[in-house]
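Notes follow the structure.
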Amino acid sequence: MLRKALSTLFSFIGFMTATAQHHVHWKTHGSNYKIELWARIDKGWYLYSQDQPRGATAVPTRITFKSIFSNDAFVAFDGKPEERGMMKTIRGTVNERAWQYGNWVDFVQDIRMLRKIRTNILCTVTYQVCSNTERLPPDTVSFEIRVGN
């Protein structure tokens, strides 16, 4: 009962925070081998990459994963999430460069299930978006993703 209530709460929180900036729309999927985060970005807006060149003032996207209902020893996270999309390099003021995505980017995290179980993973994404005229402050969204057998 408590698990179901927490699951519903995290889903609601994830939905509410995922629409806070209204410029990035998130969907998620989990399996035995990977966790996928799909970011769809409004036209004219850009999402910063996880990696940024030296001297960039943009806040890089940061993604963390944590098991919710079970021991972290049941799931191994292999490396950091891979970015799939068309990265662009932009030049800002004072020769600043930044790496960003327009339209869409997918983040794919490889995982290994260390036991044959189903578990919930809490995924937290901190990201920043900009347009050609403004840069919004960083935002954080959280999702609960089911993985495993």
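Things to note:
- Selection status of K43, assigned to a loop (DSSP other than H, G, I, E, B), at pLDDT 95 or above, surrounded by fewer than 16 Cβ atoms within 10 Å (Cβ to Cβ) and out of contact with any Leu (no Cβ under 6 Å at 6 or more places or on another chain): yes
- Residue in the range 106-124 that is under 19 Å from E82 (Cα atoms) and of a type in the set (S, T, Y) present: yes
- Residue check, T89 among the β-branched types (V, I, T) and at pLDDT below 95: yes
- Taking every residue in the range 9-35 that is basic (K, R) and pairing it with any residue that is at pLDDT 60 or above, at least 6 positions away or on another chain, the pairs with Cβ-Cβ distances below 8 Å are K27/L37; K27/W38; K27/R40; K34/V108; K34/Q109; K34/D110; K34/I111.
The values are calculated or read from the model by the stated rules, or taken from the named source; none is laboratory data. Model, not experiment: these values are computed from the prediction. Ideal geometry is used to build each Cβ from the backbone, glycine not excepted, and the neighbour counts take in all protein chains shown.
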